[in-house]
Amino acid sequence: MWLNISSTPFLLTGFPGLEEAHHWISIPFFAVYASVILGNGTLIILIRDDQSLHEPMYYFLAMLAATDLGVTLTTMPTVLGVLWLDHREIDHGICFSQAYFIHSLALVESGILLAMAYDRFIAICNPLRYSSILTNTKVVKIGVGALLRGCISIIPPIVPLQWFPYCHSHVLSHAFCLHQDVIKLACADITFNRIYPVVLVSFTVFLDSLIILFSYVLILRTVMSIASGEERTKALNTCVSHIYCVLVFYVTVIGLSLIHRFGKHVSREAHIVMSYVHFLFPPLMNPIIYSIKTKQIQCGILRMFSLCRSKI
């Protein structure tokens, strides 16, 4: 095989039929973009600087916020480039790199949500050994493991994209590059690129979701054995934020996967909207969920901003 050196760039797609309204459409997109950066950036800075938040639960939350930032910073520049400047061309190398980061970070996020479920499981089912089990070293190893799993497992389907000839078309379905969009344009045998992602998702995202579900079954069984109703409520409240984030992530992942795999008769607009929901909704909602549902985060944010005001 020889490296595909086609000079014809791919063409990104905004909202077909609404090109004249792209500038108006960009307003809510930019608002979400700014909110994601502000919300997740605030969480990372808060957890870094606030000594009371130096616990495994919040370390994992910082990892989740960093992953959400990475997803948004990877996708939104090309989206806003299309909406603001009608800059639709994207070189093959940049496109493949963007697809790599989008898909690898999705797997990293799934791994971190699994780690957060493990954290809640230990905290509720084995609280006396929590500190000895989830040491700082263990937390770092789990975080690195989630990162490596996502980064390494996405390499096999992305690398062949460089050698595929693209002769059908060069128009992609979104304002960013996805692996499943790129392979549709290839004039080559893409059997591996069709099968591998299905297997990968089954052994990562789907398996992660099953393990998270099983962990909460065990957590619920442990909580129900607690005699005091007040203590049961307190224990469950420590899991609420994580449960919401899990639902936000996996519901959008499953929805996007079903539409791409089986939605041949679904309108093109539904494909586009679902893709944006998947890539923007979790990064937007996760810091909001934790800010509303976690008192330690609320207090930390209030202390941080009151300190900022005092310095001013």
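The values are calculated or read from the model by the stated rules, or taken from the named source; none is laboratory data. Source: prediction; values computed, not measured. Glycine also receives a Cβ, built like all others from the backbone with ideal geometry; neighbour counts cover every protein chain displayed.
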Within segment 157-180, is even one residue under 25 Å from H278 (Cβ atoms) and without any contact (Cβ under 8 Å) to a residue 12 or more places away in the chain?
yes
Quick check on my filter: what residues within segment 10-62 are more than 26 Å from L113 (Cα to Cα) and in a loop (DSSP other than H, G, I, E, B)?
L12, T13, G14, F15, P16, G17, L18
Residues (crowded, with 18+ Cβ neighbours inside 10 Å and more than 23 Å from the chain's Cα centre (by Cα)) located in segment 277-300:
G300
Would you confirm whether any residue within segment 191-211 is surrounded by 18 or more Cβ atoms within 10 Å (Cβ to Cβ), farther than 20 Å from I259 by Cα and of a type in the set (A, V, I, L, M)?
no
Among the residues of segment 259-276, what is the count of those that are at pLDDT 80 or above and either surrounded by fewer than 16 Cβ atoms within 10 Å (Cβ to Cβ) or within 17 Å of I37 (Cβ to Cβ) (or both)?
2
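Which ranges mark the helices (runs of 4 or more DSSP H) fully within segment 123-237 that have 1 or more residues being under 25 Å from the mean Cα position of the chain (by Cα), closer than 28 Å to T72 by Cβ and of a type in the set (G, A, S)?
Working: elements: 130-133, 136-153, 155-158, 179-182, 191-201, 207-224.
Here the list reads 136-153, 207-224.
Condition first: of a type in the set (K, R) and surrounded by 21 or more Cβ atoms within 10 Å (Cβ to Cβ). Can you find one or more residues in segment 116-124 that meet it? Write out each step before concluding.
Let us first name the residues in segment 116-124 that are of a type in the set (K, R), namely 120.
Still in the running and surrounded by 21 or more Cβ atoms within 10 Å (Cβ to Cβ): 120.
Yes - at least one qualifying residue is present in segment 116-124.
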Are any residues in segment 228-258 buried (at least 19 other Cβ atoms within 10 Å of the Cβ) and modelled with pLDDT under 80, and if so, which ones?
A235, L256, S257
Any pair with Cβ under 7 angstrom, 6 or more apart, that starts in segment 225-238 at a residue that is small (G, A, S) and ends at one that is surrounded by 11 or more Cβ atoms within 10 Å (Cβ to Cβ)
A235/I124; A235/V223; A235/I226
In contact (Cβ under 8 Å) with a residue 60 or more places away in the chain and either in contact with a Leu (Cβ under 9 Å, 6 or more places away or on another chain) or not small (G, A, S) (or both): does that describe G143?
no
Could you please give the count of residues in segment 11-43 that are loosely packed, with under 11 Cβ neighbours inside 10 Å and within 16 Å of the chain's Cα centre (by Cα)?
0
Matching entry among F60, F10, F15 (being in contact (Cβ under 8 Å) with a residue 24 or more places away in the chain and in contact with a Cys (Cβ under 7 Å, 6 or more places away or on another chain))
F10
Surrounded by fewer than 22 Cβ atoms within 10 Å (Cβ to Cβ), in contact with a Leu (Cβ under 6 Å, 6 or more places away or on another chain) and either touching a residue at least 24 places away in the same chain (Cβ under 8 Å) or more than 22 Å from D208 (Cα to Cα) (or both): is that true of R88 in this structure?
yes
